Every structure is written in structure tokens, then in C-alpha cells.
1. Rounded to the nearest 500 deg cm²/dmol, what is the calculated helix-only ellipticity per residue at 222 nm for the chain, with -39500 (n - 2.57) per DSSP H run of length n ≥ 4?
2. Considering Cα pairs under 8 angstrom that are at least six residues apart, work out the relative contact order of the range 23-92 and quote it in whole percent.
3. Distances longer than 18 Å among the Cα atoms of the range 1-144: what percent of all pairs is that?
4. Which percent, nearest 5, of DSSP beta bridges in the range 4-163 are antiparallel?
5. By the scheme Lys and Arg +1, Asp and Glu -1, what is the net charge of all other residues having a beta-carbon under 13 Å from that of residue 116?
6. What do you get for Rg/Rh of the chain when both radii come from the Cα atoms and Rh is the Kirkwood radius?
7. Kirkwood Rh and Cα-based Rg: tell me the resulting Rg over Rh for the range 146-285, rounded to two decimals.
Amino acid sequence: VAGKNRYCIFDAAQDSSIRDHHESLERIRLALESGEFVLYYQPKVNMHSGKVIGAEALIRWQHPDKGLLAPATFLPVIENHPLAVKMGEWVTDTAMHQMELWQAAGLVLPVSVNIGARQLQQGDFVERLQVILAKHPQVHPSCLELEVLETSALSDMGQVSQVIDDCAKMGVKFALDDFGTGYSSLTYLKRLHVGMLKIDQSFVRDMLEDPEDLAILEGVIGLAAAFKREVIAEGVETVAHGTALLQLGCQLAQGYGIARPMPADKMPAWVATWQPHVAWGAGHK
Ligand code: C2E
Ligand code: MG
Ligand code: MG
Ligand code: MG
């Protein structure tokens, strides 16, 4: 009897968690339809030359009751759900539209968007991307970069490699995000013809104290050079991190030490006034 009771309790709990999940999904669907999601933009710079090379679009949920929510609070809910594809297309379309607006105001700034591995493996990914690009003819496709996330979830490397090559023919650029954290990053590096490696911030965070993280950074920067790919460090929180990265030969960076993600309307003034730190060398305007 006790066993039977336990079974009933377990069953009820599971049932309510499935119902909660369903409700969260529906809430996110509604939010997407009613325009509650916004993109923030974080600058990417060349610390040496002082040039702003682009910005990464990062999704936020402007929740009517809960305020501004970070992606970690809602992206896991839609993982493996078709809604993730819909949201991804909204992000790409919105980023293209934003480039159009900036361009009209005299700012040509490439934008990168994050693409989940599953989205990339949708059979009609290339065609659907073409449709979005065609909606924004004023923006050159080479201004769009796709940052491929969770590469460990890439199951069909041949297919993804083909998708990347097809998009590259259209002019679209690619980066491998969080590089170094996937368990077979080196295979991805060899098989996927992406122009940029983004070193995961977990290696950058402790680089000044942890010789092993420093060694990983040296290794990744060396690999990028050997494979003729560009390399950017994310999570550059302080001037000292930037200085150390420059010494290792990594000039491209993104992080709180340069700028936090900001609303789109703040970007033109930021780009116009940003100056690299004096310790970072040549690039003073
Ligand atoms: P990510 O693509 O690796 O983006 C970098 C994350 O690090 C962002 O967090 C950014 O705000 C944060 N960050 C930037 N500089 C620093 C720094 O100096 N220190 C620290 N501690 N953090 C820094 P955010 O915006 O919360 O996004 C988290 C993750 O959510 C992203 O990681 C990406 O995987 C995912 N994500 C964000 N936007 C989208 C999107 O539009 N679509 C998809 N599929 N995923 C997204
Ligand atoms: Mg990213
Ligand atoms: Mg990243
Ligand atoms: Mg990351």
C-alpha cells in the first residue's frame, strides 16, 4: 500500500511539472507574439587598433511583471522545441533590421547572432536564412555572423559543414562560440570552415591566476593562427585581462571590461566615443 501511495505522489508531481513546462512554453510563445523580447548588443573590439569590429546580439525578455530576464531563465524551457527555431529567426530578423536602422544613421556595424546547433541542423535552414536576408536588401550578408552554440549537440557534422559552406557562399560569416568547452573542439575546427573562434570566457576569467587556463589560451590562439582563423576572447572583464591577451597575440575582445551589453539606441554614441585603454597600445583616435 505504501508503495502504491508513493507511486501516486510521484505520478502527481510529474504530472504537474509537465503541466508547468507546458504553461511556460505557452507563456514564451505569447511573449514572442506580443513583442516582449528585445535584443541587447555587446561591442566587439580590436584592443590594439582601437576599432569597433561589431556587436553580439543577446536576447532578453522584458517581462511585464518580472523585469528584464536573462536568456538562462527562458532558453532552457524551449530547448528541443520548435519554438526555439521561431525565436532564432526572430533574433536574426531583428538583428538585420537593427543593422538597417544603424546604417541609415551612418553606423555600419556587423552583428553576430547566436544559433543553437539544433537550429542549424533544420533541413531548410539555408532557405529560411535566405528569406530573412532578402527582407533586408540594404544590409550586406557579410555584416551578419552566426555564432554556433553547443557544438557538442552537432550530430551530423557533414550536413552542418555543408550548411556553413552554403551560407558562406551567400556571404554570411560563422564563429564557433564557447570554443574549447566542447569535448571534440579540434574535430569541429578541422571540419567546419568558420572564420572565427570565440574563446570561452571560462578560460579567460582565471587566466591571470591559473597557469593551466593560460596554457589553454596560448594553445587556442596558436591553433587559430595555424588554421588561419580569427580569434576573439569573450569575458574580458578587466584591463589586465586585455593586456595579457594582447601579449598572447589575441587582439579581438568582448567583455564587461570594454562594455556591457546595451540597448540598441545606446550603441552609436558608444562607438563614437570608445577609446582603448592606454595600456593596450597604438589605437588612439
Ligand atoms: P554567449 O553567446 O557565450 O554570450 C556571452 C555571455 O556572456 C552573455 O550572457 C554576455 O552578457 C556575457 N558576458 C559578456 N561579457 C562578459 C564578462 O566580461 N563577464 C561575464 N561574466 N559575462 C560576460 P547572456 O546575455 O546572459 O547570454 C548567455 C548565453 O545565452 C549566451 O552565451 C548564449 O549561449 C545564449 N544566448 C544569448 N542570446 C541568445 C540568442 O539570441 N539565441 C540563442 N540561441 N542563444 C542566446
Ligand atoms: Mg555568443
Ligand atoms: Mg560565447
Ligand atoms: Mg559563453
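1. Using -39500 (n - 2.57) per qualifying helix, the result is -14500 deg cm²/dmol.
2. 26
3. 65
4. 65
5. Computed value for this residue: -4.
6. So for the chain, dividing Rg by the Kirkwood Rh gives 1.01.
7. 0.99
Readers should treat all values here as calculations from the given coordinates under stated rules, not as data from a laboratory. Keep in mind the model is a prediction, meaning the values are calculated, not measured. Cβ sites come from the backbone with ideal geometry, for glycine too, and all protein chains shown count toward neighbours.
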